[in-house]
Amino acid sequence: MDFDLSPEQREIQATARDLLAARSGPAVVREAAQSRREDAALWKEISELGWPGIAIAERHGGQGLGLVELCVLLEQAGAALAPVPLLPNAGAALAIAHGGTPRQQERWLPALAAGSASGAVGAAGRDGCLLAAAAEADVLVVLDDRHGARLIERSQAQVTPLPSIDPLRTYVEVEGEGEPLGGDLAAARDTVAVAVAAESVGVAARALEMTLAYVKERRQFDVPVGSFQAVSHRCAEMLLHTEQARSVLYHAAWASDAEPARLPQAASLAKALAAEAVVSVTASAIQAHGGIGFTWEADVHWLYKRAQMNAVLMGGAGEHRRRLAALLAIAPAG
Amino acid sequence: MDLTFTESERAFREELAAWLAANPPGPEPVGQEEAHFGWRREWQRRLYEGGWAAVHWPAQYGGRGASVVESAIFFEELGRAGAPLPANVLGLLLAGPTIMLWGSEEQKERYLAPILSGQEIWCQGFSEPDAGSDLAAVKTRAVAEADGWRISGQKVWTSIAQHAKWCMLLARTDAQAAKHRGLTYFLLDMEQEGVTVRPLRQITGESEFNELFLDGAFVASENVLGGEGNGWKVALTTLMNERAGLAFFLQVRMRQLLEALIEQARRRERLDDPLLVDRLVGLHMRCEALRLTAYRGLTAIEKYGQPGPEGSLTKWMWSQTNQELCQLAVEVLGAQALREGAPWAYELLRSRGNTIEGGTTEILKNIVAERVLGLPKAR
């Protein structure tokens with residue numbers, strides 16, 4: 001039993017943290033949010049480092065590492081709110097790697113791994129269709145519970161942008177026949193859900209970090225507001241939610257790599273807890289910042305907005321709790 | 001990262017499970033306190049004879065030198081088998097490791113073996129009426145004599161004191177020194193004049209705890225542990241140990257309660273109620289999050305010698321989840337669960353103590369805020 005990142009995984013984490021701290025600081029994020037544009041130079045650099053293909057097999061042009069390593073990167077990307085389509089690309093690649101035919105894998109994985117093709121991925125269901133997308137996605141993967149999963153090339157797709165509250169990522173709806181994915185669709189859905197959970201844990205961790213910095217600094221009644229238990233206990237709860245979500249996240253990522261039979265339950269647990277955690281932690285961040293937290297000028301709202309979108313993307317907490325009930329046979333399936 | 005158990009961890013679990021299957025603890029005497037403690041004494045005797053009494057102790061003291069993961073496995077399997085905690089759990093988990101770290105060779109020689117065998121039961125005399133969460137405020141006074149100390153004061157929440165031969169006692173030896181500095185850690189013989197134990201009846205009706213009155217009780221000089229004035233540091237060793245292995249016993253017990261509740265709801269055909277199902281799923285999620293977070297904590301202790309940020313969270317998570325689980329059981333089963341003597345009624349009432357004993361949730365949040373998050377001292 002070793003429930004910790006390996007030295008190599010820690011190194012990946014540190015590299016990502018340092019690069020994104022230098023290249024995706026608050027000013028960059030703000031500029032990207034205002035212009036609603038991806039940072040092409042950063043994306044090129046990240047692609048050259050092999051991030052989008054980190055979990056893709058070497059024979060498909062990836063680095064051949066696992067979902068754990070991808071989650072390490074996504075956590076950092078989420079924490080930095082990096083204006084690059086890492087989740088859409090890596091997510092589309094995950095879905096094709098698990099759910100695609102050999103021909104689809106040949107066709108798309110090397111390009112997605114290299115960042116030369118861009119992707120979009122999401123789910124369609126009772127509540128409509130929501131994909132996280134690169135700005136001009138070449139390939140869109142729709143994981144549809146009712147009609148199976150399909151892959152649609154841009155030329156065949158009717159893509160409707162979904163201008164959301166989160167200006168740091170493109171979200172779209174898509175229609176079009178496309179071609180069906182034929183592989184392990186459950187694993188495709190589950191791994192993408194875990195990827196979204198990973199980014200969400202990063203968002204929550206960052207919200208806590210910003211809040212701590214603020215409440216140590218901000219003084220009222222002649223003391224830092226972080227010395228009031230009403231504030232400090234809220235911060236402790238933010239840590240609790242973040243760490244719980246992180247525990248179940250890495251359990252799910254590990255299961256995908258090492259013990260796939262555990263993945264369905266682990267993935268739904270990870271996605272449900274991450275969705276609940278990231279929403280409550282980012283909401284708490286706004287509250288703990290007081291009035292300033294409600295202003296456009298403070299940066300916490302970008303986190304809150306991403307949290308809301310991520311909570312819905314690939315199924316909300318309610319949907320995953322319903323699935324868990326069925327998987328646990330607490331409730332009849334269906 | 002590898003969340004499978006190693007071959008030796010699996011072998012450890014299998015050997016233990018086989019032993020437990022061959023040595024079932026027998027039915028729990030319900031509602032009879034003396035018989036219940038007798039059951040736990042007998043259980044410790046059998047654990048001791050089987051070589052399982054203190055797996056986490058080093059082999060030189062009669063343990064198995066088990067790793068922290070194996071120790072967690074031990075408590076998980078104990079819980080799974082429906083076995084009680086051994087009678088001398090405070091000696092095994094708290095007094096023993098504290099004596100190993102701070103004790104002289106003579107002290108180790110004298111005290112460790114009877115802790116292991118259960119021959120001498122230990123209790124913990126830390127809390128006082130005016131020193132609960134603020135433990136360093138203890139007022140119990142120790143006055144020096146030629147060959148020892150005379151101790152007077154009052155302790156409270158002293159579990160198992162009525163059965164104990166020895167007490168880990170924290171008392172003030174220097175009234176002039178700063179609060180944390182004037183304390184000394186004593187090993188107090190409970191069988192003497194000047195020691196009075198009075199049971200405290202708790203909301204369940206039973207008496208796990210006692211008040212302990214000390215009126216000139218004597219402790220010989222050689223029964224100071226860790227040196228005069230070092231009591232706070234020594235006590236912290238005890239408190240750190242308090243939170244380790246037990247978490248896994250409690251976590252497995254909670255999982256069993258949840259499974260039992262799901263089964264009862266199923267038999268009553270209540271699982272067609274989506275609101276109930278969602279709450280059961282929510283409890284499942286929190287049990288899983290707790291189990292996995294506790295495992296993360298084990299790895300941190302193993303690799304870095306101390307728990308990471310997640311380590312301060314598990315007791316908090318367990319206590320709240322257990323309370324909610326018991327409350328849901330009452331909602332599912334109604335008045336039946338509230339009948340006097342009903343198992344759920346006991347669990348419900350007992351669970352109120354969970355967020356208080358071993359550090360209130362409020363104090364745990366303060367600890368997280370100050371030590372993990374680096375926030376200024378709370379007001």
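The values are calculated or read from the model by the stated rules, or taken from the named source; none is laboratory data. These figures come from a predicted structure and were not determined experimentally. All Cβ positions, even for glycine, are placed from backbone atoms using ideal geometry, and neighbour counts span all protein chains on display. Note: accessible area is taken over every heavy atom of the protein model, side chains too, but ligands, DNA and RNA are not part of it. Shrake-Rupley method; radii C 1.70, N 1.55, O 1.52, S 1.80 Å.
Numbers for the structure displayed
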{"read-out": "Matching option when the condition is among the hydrophobic types (A, V, I, L, M, F, W, C), open to solvent by 60 Å² or more (accessible area, probe 1.4 Å) and farther than 30 Å from B:N366 by Cα, among A:A253, A:A261, A:A195", "value": "A:A261"}
{"read-out": "Pairs with Cβ under 6 Å, 6+ apart, first in the stretch B:215-233 and assigned to a loop (DSSP other than H, G, I, E, B), second open to solvent by less than 60 Å² (accessible area, probe 1.4 Å) and of a type outside the set (F, W, Y)", "value": "B:G226/B:V234; B:E228/B:T173; B:E228/B:T184"}
{"read-out": "Test for A:I165: is it part of a loop (DSSP other than H, G, I, E, B) and either among the β-branched types (V, I, T) or outside the structural domain of A:G66 (by TED's automatic domain parsing) (or both)", "value": "yes"}
{"read-out": "Condition broken by B:K303, with the remaining ones in (1) open to solvent by 60 Å² or more (accessible area, probe 1.4 Å); (2) touching a Lys or Arg at 6+ places or on another chain (Cβ under 9 Å); (3) farther than 15 Å from A:R322 by Cα; (4) facing chain A (nearest Cβ under 8 Å) satisfied", "value": "(2)"}
{"read-out": "Check on A:S164, exposed (fewer than 15 other Cβ atoms within 10 Å of the Cβ) and hydroxyl-bearing (S, T, Y)", "value": "no"}
{"read-out": "Any hit, the stretch B:36-51, residues being within 14 Å of chain A (Cβ to nearest Cβ) and small (G, A, S)", "value": "no"}
{"read-out": "Tally of residues being in a helix (DSSP H, G or I), in contact (Cβ under 8 Å) with a residue 40 or more places away in the chain and away from chain B (no Cβ under 14 Å) across the stretch A:281-291", "value": "3"}
{"read-out": "Residue, modelled with the lowest pLDDT, within the stretch B:1-40, restricted to residues that are in a loop (DSSP other than H, G, I, E, B) and aliphatic (A, V, I, L, M)", "value": "B:V30"}
{"read-out": "Long-range neighbours under 8 Å by Cβ, at least six apart or interchain, first residue within 7 Å of another protein chain (Cβ to nearest Cβ) within the stretch A:233-246, second among the acidic types (D, E) and open to solvent by 20 Å² or more (accessible area, probe 1.4 Å)", "value": "A:H233/B:E362"}
{"read-out": "Members of the stretch B:350-379 that are surrounded by fewer than 16 Cβ atoms within 10 Å (Cβ to Cβ), part of a helix (DSSP H, G or I) and more than 14 Å from every other protein chain (Cβ to nearest Cβ)", "value": "none"}
{"read-out": "A:A272 being facing another protein chain (nearest Cβ under 9 Å), at pLDDT 95 or above and under 16 Å from the mean Cα position of the chain (by Cα)", "value": "yes"}
{"read-out": "Residue satisfying all of: in the stretch A:306-332; facing chain B (nearest Cβ under 10 Å), under 30 Å from A:P167 (Cβ atoms) and not hydrophobic (A, V, I, L, M, F, W, C); surrounded by the fewest Cβ atoms within 10 Å (Cβ to Cβ) among these", "value": "A:G318"}
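For (1) open to solvent by 60 Å² or more (accessible area, probe 1.4 Å); (2) among the polar types (S, T, N, Q); (3) within 12 Å of chain A (Cβ to nearest Cβ), each residue gets a yes or a no:
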position	(1), (2), (3)
B:A265	no, no, yes
B:D272	yes, no, yes
B:H284	no, no, yes
B:Q336	yes, yes, no
B:R339	yes, no, no
